[in-house]
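All of the numbers you see were taken from the coordinates with simple rules; none came from a lab. For clarity, every value in this text was computed on a predicted model and none was experimentally measured. Virtual Cβ from ideal backbone geometry, glycine too; neighbours counted across all protein chains shown.
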Amino acid sequence: TSPVDMAVNKESRLRCWEARDAFSNCLDEVEQRVGSSYVFPASYAFEAERFPCKEFREKYKSLCPSSWVAHFDKAREAARKKEIMNAIVNARNAAAAAAFEASNSAKQS
């Protein structure tokens, strides 16, 4: 099936999206095991022998046009980086607020 045929065939799109979601879920599970701040970048060697989601990746790549795979990978990487940066900013803001509160409490004592 050519990428053009896949793009216009609803059933093929749905299979692609299901495979993408299964791969993404596998990555989420691995990220939870190794730590929530770990990101699998799109440039990661997904095909490496010891990669835990290799079967999901292979199915995803076989059911989706390569341009879609590249787009979905980059979108996932960008979303994960944004989540991580937001968590860092929120932690820094909380620490700054706590320090400010402690400083004000000490001045009032």
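Against the empirical 2.2 N^0.38 Å (N residues), the range 51-109 has a Cα radius of gyration ratio of 2.08.
A simple packing score, the average count of other Cβ atoms within 10 Å per residue, orders the peptides 99-108, 61-70, 76-85 as 61-70, 76-85, 99-108, with the highest score first. Per-peptide packing, taken as the mean over residues of other Cβ atoms within 10 Å, places 18-24, 91-97 in the sequence 18-24, 91-97 from highest down.
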